Amino acid sequence: MEDYIGQILQQRLFERKRDTTSNVKRKHVIDLALEAYYTEEKQGGQRILDSTFKRYATDQMKTFLFAGHDTTSSTICWCYHLLSKNREHLAMVLDEHRDIFGPDLKDTARLLREKPQLINKLEYTSAVIKEALRLFPAASSLRMGSKE
C-alpha cells in the first residue's frame, strides 16, 4: 500500500505542473496534500518528494482510505439491521428504489452513471441512513455535563 500511494504521489507531482498551467483545480486529498506541501515548502519547481513528507502523506492517505471504508461499511450494516427489524420501512425503501430506478435492479448502476442526480431523489432512503447515523454514529465522542 505504501509503494502504491508513493507512486500516486509521485505521479500527481509530475502532473501538477501541467495542471497549474491549465488552471485545473483538483480536490482529491493527495492533491490537497501536495498543494499544502508546496505552499509550506515553497518548492514549486521540485520534481522529487521529500522523504519525510512522503512518509507523512502516505500515512495520512492510508488513514483516509481505511477510515472511510470502515465508517461507510458500519453505516451500511446498521441500515440493514434496522431495516430487517422494521419491515414496513424496508418496503418503503424498496418502493422508492423501484419508483426511481425501475423494477429491474440490473439497470440501477447504468442509470446512476448516466444520471447521478437520481441519487438526490432517494429522500426516504436518505432519511433511513440519517436515522441509522443518529442512532449508531460512525464516529462519536463522549460528552459529559457538569453538576452545576
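Only the coordinates and a few stated rules stand behind these numbers; no lab work does. Small disclaimer: the values here were computed from a predicted structure and weren't measured. A quick note on method: Cβ atoms are made from the backbone with ideal geometry, for glycine too, and the neighbour counts reach across all protein chains shown.
Tabulated data
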read-out	value
Rounded if a/c under 1.5, otherwise prolate or oblate - region 86-135, Cα gyration tensor axes	oblate
Exceeding the 29 Å Cα-Cα cut-off - candidates Lys85/Lys147; Lys27/Lys121; Lys27/Lys54; Lys54/Lys130; Lys85/Lys115; Lys62/Lys130	Lys85/Lys147; Lys54/Lys130; Lys85/Lys115
Projected label distance in nm at Leu133 and Val29, using a 7 Å step from Cα toward the beta-carbon	1.6 nm
Which of Ser74, Ser51 has the fewest Cβ neighbours within 10 Å, and the rest in rising order	Ser51, Ser74
DSSP-assigned coil residues among trypsin sites (Lys or Arg not before Pro) in region 60-148, each with at most 13 further Cβ atoms within 10 Å	Arg143, Lys147
